[in-house]
Amino acid sequence: MDWSKELEGLSGWQAAGVSLVILAVAVAIGLLACLLLFKILFRLAGRQESSLHQSLVRRWRSPARLLLPSLALLLILPVLRFPVELTGLLRHLLSLVLIGGVCWLLGATTFGLREVMLDRYDLKERDNLKARTVHTQVDVLVKIVMVVLFFLAGATMLMTFDKVRQVGVSLLASAGIFGIIAGFAAQRSLATLIAGIQIAITQPIRLDDVVIVEGEWGRIEEITLTYVVVRIWDRRRLIVPISWFLEKPFQNWTRVSADILGTVLFHVDYSVPVAEVRAELERIVAGEKAWDGKVVGLQVTDATDKTLELRALVSAADSGSAWDLRCAVREKLIDFISRTYPESLPRLRAEVASTPE
């Protein structure tokens with residue numbers, strides 16, 4: 001049926017009323033098509049052999065509810081009998097909605113792929129080096145993709161306005177000068193953005209890495225394109241510009257692996273039986289869950305004029321366990337010496353010489 005010819009035979013108000021009904025029917029058809037489409041997609045995603053993930057389908061559903069009715073309206077718009085100005089306004093609005101919907105769909109796809117990929121790598125595992133690497137790369141790249149999507153969508157929307165397009169054409173001749181000025185003005189911002197990309201590729205830090213920054217011990221909690229959030233051990237947050245990690249030295253305790261050696265230093269008297277203390281250290285760490293069973297040892301690292309310095313060396317699977325293990329070793333060794341060899345605790349000696357009467 002030729003809708004345009006049918007509508008030409010109606011009066012202005014009748015044609016407008018019929019056009020509104022057609023618009024409503026187009027929206028209903030678009031929503032119905034969306035409903036049927038996603039029933040099929042969810043059924044396909046539910047199959048074990050299917051490569052389509054349900055998280056992707058869930059994220060597609062909301063932008064599809066906007067895109068399909070808008071597309072149906074845009075297709076039916078030429079046959080409707082609205083005033084020319086209203087038709088042009090509706091076409092422009094629908095074009096903006098479609099651009100925004102496509103950007104939304106691409107963003108939803110990006111986050112859906114991120115979720116699908118990161119589901120395979122659990123940060124809660126003890127040996128999570130590979131997981132932290134993947135999480136860091138994916139998170140930074142997703143942020144870059146979203147910035148590019150929003151920029152392109154905004155630029156495309158602006159170019160649909162005739163006045164903006166004319167201004168853009170008139171400024172094209174001076175684009176070289178403007179680009180140089182903008183480059184100088186945005187030099188620091190561009191350097192920060194490039195630093196974020198470099199962090200994602202070279203990865204001197206990853207999510208959940210244990211680092212020492214500005215004398216503070218903490219874990220990398222968040223990496224953005226401009227700054228890094230370090231969660232300090234006492235739950236404070238240290239905000240560091242991302243370029244800082246490329247320009248200044250810092251300690252990364254989990255760069256290659258999470259296991260670490262812990263030391264306990266204490267001073268005792270020269271009379272202490274070192275072999276007995278060493279045997280007690282081995283008994284202590286054998287009963288501690290935080291010890292990973294790799295390294296345990298006791299050495300005399302210094303001898304002053306008053307005391308001996310003993311160093312207990314133990315290993316743990318990560319820095320948190322190493323801290324707990326060091327505290328336990330320090331407490332139990334001091335308790336052992338004070339109970340078993342109290343005379344070997346540090347003491348001050350003095351020689352009293354009698355004076356002749």
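The values are calculated or read from the model by the stated rules, or taken from the named source; none is laboratory data. Quick caveat: nothing in here was measured; it's all calculated off a predicted structure. Ideal geometry is used to build each Cβ from the backbone, glycine not excepted, and the neighbour counts take in all protein chains shown. Accessible surface is based on the protein model in full, side chains and every heavy atom, while ligands, DNA and RNA are left aside. Shrake-Rupley method; radii C 1.70, N 1.55, O 1.52, S 1.80 Å.
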Taking protein heavy atoms only, a 1.4 Å probe, and rounding to whole percent, the accessible area of region 13-160 owed to carbon and sulfur comes out at 69 percent
With every protein chain kept in place and a 1.4 Å probe, region 260-341 has an accessible area per residue in Å² of 51 Å²
Short to long, in 5 Å steps from zero, the percent of alpha-carbon pairs of region 13-160 per bin is 2, 9, 13, 15, 14, 14, 11, 8, 6, 4, 2, 1, 1, 0, 0
Residue by residue through region 131-148, the couplings from Karplus 6.51 cos²θ - 1.76 cosθ + 1.60 with θ = phi - 60°, in Hz, x for Gly and Pro, are 5, 5, 4, 5, 4, 5, 4, 5, 4, 5, 5, 5, 4, 5, 4, 5, 4, 5
Counting sequence-distant residues (5 or more places) and residues on other chains, those with an amide H built under 5 Å from that of ASP318 are ILE260
Amide H proximity to VAL213 below 5 Å, modelled H, separation 5+ or other chain, gives GLY218
Dividing the mean separation of Cα pairs under 8 Å (6+ apart) by the residue count of region 13-160 yields a relative contact order in percent of 24 percent
Under 13 Å by backbone N from the virtual spin label 7 Å along Cα-to-Cβ at THR160, the residues of region 87-107 are 88-104
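Too long at a 31 Å Cα-Cα cut-off: which of LYS130/LYS294; LYS294/LYS332; LYS39/LYS124?
LYS39/LYS124
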